[in-house]
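Peer 1: The structure's right below; bear with me while I get my questions together.
The values are calculated or read from the model by the stated rules, or taken from the named source; none is laboratory data. Since the structure is predicted, the reported quantities are computational estimates derived from the model, not experimental observations. Virtual Cβ from ideal backbone geometry, glycine too; neighbours counted across all protein chains shown. For accessibility, only protein heavy atoms count, side chains too; no ligands or nucleic acids. Shrake-Rupley method; radii C 1.70, N 1.55, O 1.52, S 1.80 Å.
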Amino acid sequence: MSRIAILVLSIALLGAGLSSAQMDGTPGSLIQKFSAPVRVVGTATVGESLWTVAGSTLYEFDVKTGAVLSSFAHQFAGPYGLGYDIRRKEFVMTAAGPGTIGRVDMKGAVTTVFPSPTTRPIGVAYDWNRDAYWVADWNANVLHLMDATSGTTVQPSFSLTPSGCTSSADVGYSMFNDLLVIIGRSANKAFIYRAGNPPVFVSAVTFGTTIPGGARGADFYPRT
């Protein structure tokens, strides 16, 4: 059984300067930081790589060194959150402006677009166990679960506010321990929930380093 790094966070400034950080061990402890040459707004782990989306391009990074391994253009307009649907082998993205969630294949073509039941979907993670997408909404500060095949709502919107998570951003999901992590940008924390109907708040991780502009993306990274 692999052990799970608590979080892999991609952290973006509002401007041009960006960085990424991998966190492990003591919650919030920084063990690695590297510069990214693009504006990171969402992250997804695929195998041993960390993928990010920046505008119309997807970038693959080496988790250990931060080196860009590959990149390709995609056709999904206005992307923000990023996840990877391992069952369909496609990336999942959110677009807060039009309020949509879409899938993109490994050639960059849009294969599916679903309307969001909330106004500003901003983070997304694929849930293997439920074959569904967890979507966080920036404006309403809620989390909902939608079916990956039909796009229908599986679980109604769940408020993140009681846990202290506000200005919610990207979402990560671990199929190994059925946990969710949501970035609360205004608190500069990551909020961990046990997935379920409804999700159950577990704890909040305060970042052990100053992150100008706030964290934007999160995912769980399995490690041997």
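Peer 1: Among the residues in the stretch 20-35, are any out of contact with any Pro (no Cβ under 8 Å at 6 or more places or on another chain), at pLDDT 75 or above and either over 26 Å from Ala109 (Cβ atoms) or open to solvent by 50 Å² or more (accessible area, probe 1.4 Å) (or both)?
Peer 2: Within the stretch 20-35, none of the residues are out of contact with any Pro (no Cβ under 8 Å at 6 or more places or on another chain), at pLDDT 75 or above and either over 26 Å from Ala109 (Cβ atoms) or open to solvent by 50 Å² or more (accessible area, probe 1.4 Å) (or both).
Peer 1: So Thr166 ticks every box in (1) under 16 Å from the mean Cα position of the chain (by Cα); (2) open to solvent by less than 30 Å² (accessible area, probe 1.4 Å) but one. Which box is left unticked?
Peer 2: (2)
Peer 1: Which one is farthest from Phe91 (Cα to Cα) among residues in the stretch 52-73 that are exposed (fewer than 13 other Cβ atoms within 10 Å of the Cβ) and polar (S, T, N, Q)?
Peer 2: Thr65
Peer 1: Let me ask something else. I'm trying to understand the selection: among the residues of the stretch 97-111, which are buried (at least 18 other Cβ atoms within 10 Å of the Cβ) and of a type in the set (Val, Ile, Thr)?
Peer 2: Hits for the stretch 97-111 are Thr100, Ile101, Val104.
Peer 1: Could you tell me which residue of the stretch 131-157 is nearest to Gly47 (Cα to Cα), considering only residues that are under 17 Å from the mean Cα position of the chain (by Cα) and open to solvent by 50 Å² or more (accessible area, probe 1.4 Å)?
Peer 2: Looking at residues that are under 17 Å from the mean Cα position of the chain (by Cα) and open to solvent by 50 Å² or more (accessible area, probe 1.4 Å), I get Trp138.
Peer 1: At pLDDT 85 or above, touching a Leu at 6+ places or on another chain (Cβ under 9 Å) and open to solvent by less than 10 Å² (accessible area, probe 1.4 Å): does that describe Val181? Spell out how you get there, then give the answer.
Peer 2: On the way: at pLDDT 85 or above: yes; touching a Leu at 6+ places or on another chain (Cβ under 9 Å): yes; open to solvent by less than 10 Å² (accessible area, probe 1.4 Å): yes.
For Val181, the condition - at pLDDT 85 or above, touching a Leu at 6+ places or on another chain (Cβ under 9 Å) and open to solvent by less than 10 Å² (accessible area, probe 1.4 Å) - is met.
Peer 1: Hey, another quick one. Do you know which of the residues in the stretch 189-207 that are at pLDDT below 85 and surrounded by 14 or more Cβ atoms within 10 Å (Cβ to Cβ) is nearest to the chain's Cα centre (by Cα)?
Peer 2: Within the stretch 189-207, the first condition is being at pLDDT below 85, and the residues that meet it are 189-190, 205-207.
In the following step, the residues that additionally are surrounded by 14 or more Cβ atoms within 10 Å (Cβ to Cβ) were identified as 189-190, 205, 207.
Working: Lys189: 14, Ala190: 11, Val205: 16, Phe207: 16 Å.
Ranking the candidates gives Ala190 first.
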